[in-house]
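Trainee: One structure follows; several queries about it will come next.
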Amino acid sequence: KAGVTQTPRYLIKTRGQQVTLSCSPISGHRSVSWYQQTPGQGLQFLFEYFSETQRNKGNFPGRFSGRQFSNSRSEMNVSTLELGDSALYLCASSSDRGGWGTDTQYFGPGTRLTVL
Amino acid sequence: AQSVTQPDIHITVSEGASLELRCNYSYGATPYLFWYVQSPGQGLQLLLKYFSGDTLVQGIKGFEAEFKRSQSSFNLRKPSVHWSDAAEYFCAVGAREGGSQGNLIFGKGTKLSVKP
């Protein structure tokens, strides 16, 4: 099976712009989670989608949003970019057969976002 | 609130020496526990996981971890380190209740350097 794929791998944006990142989960996986990784804060949970519904959300401002499509692919969007949004954004998928997000999460390679 | 502590920010070991990376968690019930490894510029690769049952779990690349409920620990071990093990290691905990779907709480990571 192909792994989790994320596009693009690298992005450079300027403050005030918006950005959309894409994630394709492992075939058959219906749960997609997003994380932000920075040197200062480490890995922080953004949100999780399952069957096109957001089931859980981390403590991030409303500028961070996401969605999931019927084929389980997911996108996250960041509007009005700030310098502090520079980070590695990781997507993870799981089959979530247990129904409580209990299955193992498999991570993609990430998208490196740089905000200038 | 759930939390994960990895007390060692950076560890250096000699190639061929044994390794133990520490992880302590805070959670009211038995959590789901994971160890991931991240090479520079890459995503996270799952090393091993504990859901229930045998408290000593085997993972990939010769790693193992032991769940100790009394100590709230899930330490990662390897009997003989290889130069290719140099990377950053993350311990993570997942909750078992609804409303926590897809949300892994990560420790800050331990960076492993391997001396020839």
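The values are calculated or read from the model by the stated rules, or taken from the named source; none is laboratory data. Given the structure is predicted, the values throughout are model-derived calculations rather than measurements. Virtual Cβ from ideal backbone geometry, glycine too; neighbours counted across all protein chains shown.
Trainee: I'd like the full set of residues that are more than 15 Å from residue B:113 (Cα to Cα) and of a type in the set (S, T, N, Q), limited to region B:38-91.
Mentor: Scanning region B:38-91 gives B:42, B:45, B:52, B:55, B:58, B:70, B:71, B:72, B:73, B:75.
Trainee: Which residue, of A:63, A:55, is crowded, with 16+ Cβ neighbours inside 10 Å, over 13 Å from the mean Cα position of the chain (by Cα) and over 18 Å from residue A:3 (Cα atoms)? Before the answer, list the steps.
Mentor: Numbers: A:63 fails: crowded, with 16+ Cβ neighbours inside 10 Å.
Being crowded, with 16+ Cβ neighbours inside 10 Å, over 13 Å from the mean Cα position of the chain (by Cα) and over 18 Å from residue A:3 (Cα atoms) holds for just one of A:63, A:55, which is A:55.
Trainee: Same structure again: Select from region B:7-43 the residues that are closer than 13 Å to residue B:107 by Cβ and facing chain A (nearest Cβ under 10 Å) and list them in ascending order.
Mentor: Scanning region B:7-43 gives B:34, B:36, B:38.
Trainee: So is residue B:46 within 14 Å of another protein chain (Cβ to nearest Cβ) and under 14 Å from the mean Cα position of the chain (by Cα) or not? I'd like the intermediate steps shown before the answer.
Mentor: Details: within 14 Å of another protein chain (Cβ to nearest Cβ): yes; under 14 Å from the mean Cα position of the chain (by Cα): yes.
Taking the combined requirement at face value, the residue satisfies it.
Trainee: Strands (runs of 3 or more DSSP E) wholly in region A:1-107 with at least 1 residues that are free of Cβ contacts under 8 Å to residues at least 40 places away in the same chain and out of contact with any Leu (no Cβ under 7 Å at 6 or more places or on another chain) - which ones? Even if it seems obvious, please write down each step before you answer.
Mentor: Numbers: elements: A:5-7, A:10-13, A:19-24, A:31-38, A:42-50, A:53-57, A:64-68, A:74-78, A:87-94.
The qualifying strands (runs of 3 or more DSSP E) are A:42-50, A:53-57, A:64-68.
Listed here are the residues, each with its yes/no results for (1) at pLDDT 90 or above; (2) under 14 Å from residue B:67 (Cβ atoms); (3) in contact with a helix residue (DSSP H, G or I) (Cβ under 7 Å, 6 or more places away or on another chain); (4) assigned to a loop (DSSP other than H, G, I, E, B).
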| site | (1), (2), (3), (4) |
| --- | --- |
| B:4 | yes, yes, no, no |
| B:8 | yes, no, no, yes |
| B:17 | yes, no, no, yes |
| B:29 | no, yes, no, yes |
| B:33 | yes, yes, no, no |
| B:37 | yes, no, no, no |
| B:41 | no, no, no, yes |
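Trainee: For region A:9-18, which positions are away from chain B (no Cβ under 14 Å) and in contact with a strand residue (DSSP E or B) (Cβ under 9 Å, 6 or more places away or on another chain)?
Mentor: We begin by selecting, within region A:9-18, every residue away from chain B (no Cβ under 14 Å); these are A:11-18.
If the condition is that a residue be away from chain B (no Cβ under 14 Å) and in contact with a strand residue (DSSP E or B) (Cβ under 9 Å, 6 or more places away or on another chain), then A:11, A:12, A:13, A:14, A:15, A:17, A:18 are the ones that fit.
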